[in-house]
């Protein structure tokens, strides 16, 4: 027997889950992006070594660009810090009532580290 939910698409798109929902969505997107990055990396190495094709070089050029690096640093760092928050809340279930505060702490840890990483990436890209 399945669950019956009488929620229209309009109501579903209007849902404002705020912090927990945003971190849920970003965690899924960042995880998928990391998997796609690793797959691209393996594909580029395979194409370069087995066929010496320019397709491997083209893929390398994509993930060596500074824009892609900024994106993948965001994904990796956010996924790691959010995963740490999830582990902490799983290990100490009494802290779940402070989930919103934990999300704020997560962002307070994430933003300076990410900001420094972006600064270094952009400075290196502009130095050429």
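With the requirement that a residue be farther than 27 Å from residue 111 by Cβ, surrounded by fewer than 13 Cβ atoms within 10 Å (Cβ to Cβ) and modelled with pLDDT under 85, what does the range 11-52 give you? 11, 12, 13, 14, 49, 50, 51, 52 - these are the residues of the range 11-52 that are farther than 27 Å from residue 111 by Cβ, surrounded by fewer than 13 Cβ atoms within 10 Å (Cβ to Cβ) and modelled with pLDDT under 85. Evaluate the following for residue 72: is it surrounded by 12 or more Cβ atoms within 10 Å (Cβ to Cβ) and touching a residue at least 24 places away in the same chain (Cβ under 8 Å)? So residue 72 passes the test. Regarding residue 55, is this residue over 24 Å from residue 118 (Cα atoms) and assigned to a helix (DSSP H, G or I)? So residue 55 fits the description; yes.
Answer yes or no as to whether residue 92 is under 24 Å from residue 118 (Cα atoms) and loosely packed, with under 13 Cβ neighbours inside 10 Å. So residue 92 does not fit the description; no. Residue count for the range 95-104 under the criterion of being free of Cβ contacts under 8 Å to residues at least 60 places away in the same chain and either surrounded by 14 or more Cβ atoms within 10 Å (Cβ to Cβ) or touching a helix residue (DSSP H, G or I) at 6+ places or on another chain (Cβ under 7 Å) (or both): the result is 3.
The values are calculated or read from the model by the stated rules, or taken from the named source; none is laboratory data. The structure displayed is predicted, hence computed values, not measured ones. In this analysis, Cβ positions are derived from the backbone assuming ideal geometry, glycine residues included, and neighbour counts consider all displayed protein chains.
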